[in-house]
Structure formats: C-alpha cells, structure tokens
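Reviewing the structure listed below.
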Amino acid sequence: MKLAFTRRFSVALHSASLSLDHRAIQRAREARLFGIPLGFVSPEDLMIYKLARWEPIDERDVRGILEGYRDRLDRDYIQVAVQELAQGIGFPELMERWNRLKEEIAG
C-alpha cells in the first residue's frame, strides 16, 4: 500500500513475504519521525526494491542512490540479494539491470 502525503512525499507499506523483506527489516535503520522511532529501509535494500519495480522514478532513484552513496554501499550484499531475488521470482533481467547500472555509475 502506498500512502501519498504530497506529490513529493509518500510512504510504501507492504507485508514481508520474501527473504529480502525479512533481511530489509533486520537491516533497517532507526530514526525518529515526529518524535516516533521508526525503522527505515537501508539505501541498499531500497535500491533493490526499486530495481525490481523499475518505473521511471525508480530508475532515477537508483541512480541517485548509487551516485550519492557511491563509496558507502555494501555492494557485496546488493549483488547477493539481487541475485537471490532474481532467481526467487524467476526474473533474470533483474540481475542484468543491476550489472548494467553498476557499470554505468562506476565508470
């Protein structure tokens, strides 16, 4: 479910059904929003979800994460998680998408 607060701010909620979901919950980073402690998805996991969804805004977001967090991303984790997700959902193009993007951004 997606909760849209404004055109530029929304929150996506979904049930944890994949192993990626469970790992993303464990890896979530706590931050306070309006004084309430919440878990926020890591940049790596957000990028993996966006790689799978892949609307135009998702591609821009993934590129922004790759460029903005360039040296701080756990690329080994991303590689394994994308490969597992691609195999788990029967979508090999997901792995190709990730490999192409990391090459483009890394140069």
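Listing for the model above:
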read-out	value
Some residue of segment 66-76 being in a loop (DSSP other than H, G, I, E, B) and aromatic (F, W, Y)	yes
Residues being free of Cβ contacts under 8 Å to residues at least 60 places away in the same chain and either under 19 Å from A28 (Cα atoms) or in contact with a Gly (Cβ under 7 Å, 6 or more places away or on another chain) (or both) - total across segment 72-107	10
Residue under evaluation L38, criteria (1) of a type in the set (A, V, I, L, M, F, W, C); (2) outside any helix (DSSP H, G or I); (3) open to solvent by 90 Å² or more (accessible area, probe 1.4 Å), criterion not met	(3)
In segment 64-79, the residues that are within 15 Å of R23 (Cβ to Cβ) and open to solvent by 80 Å² or more (accessible area, probe 1.4 Å)	D76
Number of the exception - A24 against (1) surrounded by 12 or more Cβ atoms within 10 Å (Cβ to Cβ); (2) assigned to a strand (DSSP E or B)	(2)
Subset tally (residues that are among the aromatic types (F, W, Y) and modelled with pLDDT under 90) for segment 48-93	0
Qualifying residues in segment 85-99 (those that are open to solvent by 80 Å² or more (accessible area, probe 1.4 Å) and in a helix (DSSP H, G or I)) - the one nearest to L20 (Cα to Cα)	Q87
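The values are calculated or read from the model by the stated rules, or taken from the named source; none is laboratory data. If you're wondering where the values come from, they're calculated on a predicted model, not measured in any experiment. Virtual Cβ from ideal backbone geometry, glycine too; neighbours counted across all protein chains shown. The accessibility values were calculated without ligands, DNA or RNA, using every heavy atom of the protein model including side chains. Shrake-Rupley method; radii C 1.70, N 1.55, O 1.52, S 1.80 Å.
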